[in-house]
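K.L.:
I am attaching a structure below and will ask some questions about it afterwards.
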Amino acid sequence: MVLVLLVGAAVGLATWLVVGSPFAKKPVSRADIEHTVAQRPRGHVQVVLCNEEVLPGQKVRPGGPQTWTCDTYIGPSKADAQNGPSYRVIVSGGQIESIRRVPTH
């Protein structure tokens, strides 16, 4: 009886690990957004800094779209990096929906 329970638990755990893990969607992180934006501009991107836009007084809806603003710095070295283009990134449903270039601020 105990052996049947142990085998059943092992099969259930193995199924959960095999089926659940590869198909689980991880939310997009700041690092994921910065890495994606760094591939956009031409030139040697030294740094990408992204901040989520949050308006005071507005309620944040879980699973709703998030807006990020990302600034790039381009140059031959970090010491010589100059302002590059800025981007607005829309994240929805755990993935990046759009990346649009905006005026540098």
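K.L.:
Collect the residues in region 26-35 that are assigned to a loop (DSSP other than H, G, I, E, B) and touching a residue at least 12 places away in the same chain (Cβ under 8 Å), keeping them in residue-number order.
P.N.:
If we filter region 26-35 for residues that are assigned to a loop (DSSP other than H, G, I, E, B), which is where we start, we get 26-29.
Within region 26-35, 26, 27, 28 meet the criteria.
K.L.:
Would you be able to say whether some residue in region 78-85 is under 12 Å from residue 33 (Cβ atoms), at pLDDT 90 or above and not in a loop (DSSP other than H, G, I, E, B)?
P.N.:
no
K.L.:
Going through region 36-55 one residue at a time, which ones are in a helix (DSSP H, G or I) and either within 20 Å of residue 79 (Cα to Cα) or of a type in the set (A, V, I, L, M, F, W, C) (or both)?
P.N.:
37, 38
K.L.:
Filter region 47-73 for residues that are within 21 Å of residue 103 (Cβ to Cβ) and open to solvent by less than 40 Å² (accessible area, probe 1.4 Å) and give the result.
P.N.:
Within region 47-73, 48, 50, 67, 68, 69, 70, 71, 72 qualify.
The values are calculated or read from the model by the stated rules, or taken from the named source; none is laboratory data. None of these values were measured; they are calculated from a predicted model. Ideal geometry is used to build each Cβ from the backbone, glycine not excepted, and the neighbour counts take in all protein chains shown. We work out accessible area using only protein heavy atoms, side chains counted, and drop any ligands, DNA or RNA first. Shrake-Rupley method; radii C 1.70, N 1.55, O 1.52, S 1.80 Å.
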